[in-house]
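Please treat every number below as a calculation from the coordinates, not as lab data. The structure presented is a predicted model; accordingly, all values stated were derived computationally and were not measured. Neighbour counts are summed over all protein chains in view; Cβ atoms, including those assigned to glycine, are modelled from backbone coordinates with ideal geometry.
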């Protein structure tokens, strides 16, 4: 669908302004990563004597490869689990009417309103009790349930024509096969968007991994890099370098999955 | 819980096993990142000298360490030695199973420390905390801005009146910001230092009553207001002042000695950095509160406590303690640092450390907060500063109101004891 | 769970019993519960159990020490928190953060998404750039904005000085500081919310649009009568999620840029409760604050569900 010319002019103007507001701070952040320590605070966004010192410091002062492995491993497993359980739950809610459905859905939705960061201590004691401390299990399992995802998927399920479920049933596919063969393919844009945000959320998490890990061997990138923000001495060069590096996997995930969102869009465009 | 534990044990057969079977392992919580190599080297030396003891160091950022140590104690995870931020000491004394360090006969090793540095962890005749990562506030000077304003960085201001005049001259002649005084988390530490040095009492020793609404307290806070309203101190926060000073935009910044390492790096090749003692208030002797963290002991009785005490004694040795101070930049904490030849040479060749040495004897313990009403009290202090700087009413009106509010918030702590 | 465990372990001895059990549990009417089981177990263990524990702690005075007695104080923690100035300021700011988030984070992304959607694959660059803030760590974002807005020679100030203007010290004044934080948090999330709307738009059948076009409908008519109704499920979702997360989302910028000041101008209930629990270690207050936060979010959400759900169109 093409908008008329005046709408397009307004649209491009606003978007250009927005992009500028994104690129200026981004330039400062990335520029600082390449600054020597005596330029970090200078007003110029880019370095006059560019250096890789900050990146070198990341690799020599921290076990960055281990942090990355922990981040990739725990985030990958956790997001996969979150997606799986969210899909199963949302599917059940959308597909069947069963006793207790409203109550269970209210419980799932209500869980969104419990601020996780503030109930960390009881979970921490539970994790210590389970002897999961300082392991991937502590980083993954307590966070596998994602009510936010259930809600998002249910909203999309609800706009599905009921016939999709029924047609699959008539074809002889059970509810399990129907989910994977018929329902999920139609959910691709929502699943892709959800994957992106779950990944970013997990990837950037800080307080929980900090609380339940003791050793560099089980720590994640965010915990590892924020060590450069110290009392009375903030090593912003290393911080920006580390977090710029740490953003790259998230960027890759975004580009891959946003294509899934857009592909569907293009496909339906051709169909129409 | 029992059921969960059994379930977990069934699910995960293999668990990380501790290292050597017969070694005693002690756990040391700290917040050292840049200084970790030095700390670890000291711990390694200790391990080599004491076969059979292993020290596991656990890093937690300074902002989270108190909460994380408390959580570890609550969950029954091993904590032997913990770095505790000064202002949380009273809380830790009252709410965690801290072990006094001078009850098991041998207490002579504690005499190595300056007595005023042990006051922070002293309750009656028991010592619960030893100084470890202390800082002291001092004036950092941008020598280039000083010269541009016709001032001599070799002749820095000594009193608050001189600081005011110097800042004015900087502002007028260069257009740059004159001075700022740290404010620190919740506006608390900065206010504490300023009123304590002016001869007032910020908080009583048990942390239950604020008393800085006396003449000296009000007068010095009026001066802080004047710094803001006269325009020589731009209204901002610690991160912004620190950024501005390191960018060469500000003539003087009064903050902790712990910032020195960073300021040296930032000024390298950009501007001349100088330092001076914390300014005097009128005819009052200098009294500056330490910042930073102390070490507390948590080991259960037995071989872990013996090992942890051995470690603390090792850290109190003159050579070890002075090495830690030199390489980390924290304040020396043991008696007479110049008696140590290595230390004497360091002080002579590294002028930036002189205010720190000069202020050792003038250090008083940081004020500590109780459990109840602390957040309300600290946010009140912070809001008081915001209101002072806004300049709508004089300190004589704002400060007594704030002190009354702080005391109302802290009231529950007074009744119960 | 235990029942199932015993049944399978003794399967050999009680084969008919097992078969009966299998028949009973394998019936169609149990199917939905199997799908729900993992989520319910996880939420029960790691969300609701800690929450119940928190509710319990909110009624007590305790310092987390296993060897000290826990004192039951009833509603005292709630009364004490709500009675003080900090809470009142935090509550007021919380409501402003929520109210301000609706136009900025919920409504503003809709026209942006429609515009990008209308560009088709050509909007790729825009989409990617406005999404970048979502990827960045909020710590870095907060530090950079603190530099940008520094009243002492910050970028904004120096830029304005080029034109002989002076840039106001936005973080030094309570109301301006709150809106600055709100705008930065909008900047951070707008790309993601736009993406959600685009995902919603992607499922709209283009035949309808063509049909409306043939009938002579203009841009506005298509937006008003087709796109807007079909976007309502997404809008509803974004609204609820934004309301719930908006006060947590501003945690990092508050913590790094203002610490809740000036004059309590930027603090909110989430930040206040965090401080109770993790800065001054008042377990009872922290727990009571968490419970109040839950009740507030629940109330706001229920009002929204009541008012809006019937306006949501789930069928094309």
Note to self: Show log10 I(q)/I(0) for region B:166-237 at q = 0.17 Å⁻¹, two decimals, from a solvent-free Debye sum over equal Cα scatterers.
What the structure shows: -0.67
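Can you tell me how region B:146-304 classifies by the Cα gyration tensor, rounded, prolate or oblate, using a/c under 1.5 as the rounded cut?
Values: a/c = 2.26, a/b = 1.38, b/c = 1.64.
Oblate, since a/c reaches 1.5 and b/c is not below a/b.
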Next item on the list: On a 0 to 90° scale, report how tilted helix B:374-390 is relative to the longest principal axis of chain B, with both axes built from alpha carbons and the result rounded to the nearest 10.
Entry: 20 degrees
Item checked: Overall dimensions of region C:199-316 by Cα: Rg and Dmax, Å -> 21.1, 66
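Based on the Cβ-Cβ distance of residue A:131 and residue B:50, what FRET efficiency does E = 1/(1 + (r/R0)^6) give at R0 = 35 Å, to the nearest 0.05? List each step's numbers first, then the result.
Numbers: r = 29 Å, r/R0 = 0.82.
Working from the Cβ atoms, E equals 0.75.
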Next item on the list: Return the single residue from B:87, B:310, B:392 with maximal mean-square fluctuation; model: Gaussian network over chain B, springs between Cα atoms under 10 Å.
Entry: B:392
Check: Which whole-number percent is the relative contact order of region B:123-263 (Cα, under 8 Å, 6+ apart)?
Finding: 35 percent
Next item on the list: Would you compute the Debye intensity of chain A from its alpha-carbon atoms alone, equal scatterers and no solvent, and pass along log10 I(q)/I(0) at q = 0.08 Å⁻¹ to two decimals?
Entry: -0.48
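For a Förster distance of 25 Å, can you work out the FRET efficiency between the beta-carbons of residue B:38 and residue B:108, rounded to the nearest 0.05?
That pair, residue B:38 with residue B:108, gives E of 0.40.
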Next item on the list: Name the most mobile residue of A:31, A:174, A:224, meaning the one with the largest mean-square fluctuation, in a Gaussian network model of chain A with Cα contacts below 10 Å.
Entry: A:174
Next item on the list: Kindly express, to the nearest 10 degrees and within the range 0 to 90, the angle between helix A:188-203's C-alpha long axis and the longest C-alpha principal axis of chain A.
Entry: 30 degrees
Check: Cα centroids of region A:78-131 and region B:101-124: how far apart, whole angstrom?
Finding: 51 Å
Checklist line | residue C:37 versus residue B:392: modelled label distance in nm, points set 7 Å from Cα along the beta carbon direction | finding: 6.3 nm
Item checked: Projected label distance in nm at residue C:306 and residue C:207, using a 7 Å step from Cα toward the beta-carbon -> 4.1 nm
Next item on the list: Mind pulling the per residue volume of the convex hull built on the Cα atoms of region B:232-328? Å³ is fine.
Entry: 175 Å³
Checklist line | Efficiency of FRET between residue A:259 and residue B:317 - r from beta-carbon atoms, R0 60 angstrom, step 0.05 | finding: 0.45
Next item on the list: Compute the Cα gyration tensor for chain B, then decide on rounded, prolate or oblate, letting a ≥ b ≥ c be the square roots of its eigenvalues: rounded whenever a/c is under 1.5, prolate when a/b is larger than b/c in the other cases, and oblate in all that remain.
Entry: prolate
Note to self: Please report the projected area of region C:85-311's Cα convex hull averaged over all directions, in nm².
What the structure shows: 15.5 nm²
Checklist line | Distance from region B:252-320 to region B:27-75 (C-alpha centre basis), Å | finding: 17 Å
Checklist line | Relative contact order of region C:85-311, pairs being alpha-carbon contacts under 8 Å that are 6 or more residues apart, as % | finding: 30 percent
Notebook entry, point to check: Taking the simple approach of a point 7 Å from Cα along Cα-to-Cβ for both residue B:336 and residue B:215, what is their distance in nm?
Noted result: 4.0 nm
Item checked: Mean-position separation - Cα centroids, region C:152-172 and region B:367-390, in angstrom -> 30 Å
Notebook entry, point to check: Picking from B:248, B:302, B:199, which is most flexible by a Gaussian network model of chain B using Cα springs under 10 Å?
Noted result: B:302
Notebook entry, point to check: Roughly how crowded by other chains is peptide C:235-244, in terms of the mean Cβ count from those chains within 10 Å of each of its Cβ atoms?
Noted result: 3
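Ranked highest first by average number of other Cβ atoms within 10 Å, how do C:66-78, B:122-134, C:274-286 line up? Before the final figure, lay out the partial values.
Values: C:66-78: 13.0, B:122-134: 20.3, C:274-286: 25.0.
Descending mean neighbour count gives C:274-286, B:122-134, C:66-78.
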Check: So how long is each side of the protein assembly as shown along the principal axes, counting just the alpha-carbon atoms, biggest first, in Å?
Finding: 92, 80, 53
Next item on the list: Using a/c under 1.5 as the rounded threshold, could you call region C:26-133 rounded, prolate or oblate? The axes a ≥ b ≥ c are square roots of the C-alpha gyration tensor eigenvalues, and prolate needs a/b larger than b/c, oblate otherwise.
Entry: oblate
Checklist line | Helix-derived mean residue ellipticity, 222 nm - over the protein assembly as shown, DSSP H n ≥ 4, -39500 (n - 2.57), to 500 | finding: -18000 deg cm²/dmol
Checklist line | Nearest-ten-degree value, helix A:101-112 long axis tilted from longest Cα axis of chain A | finding: 10 degrees
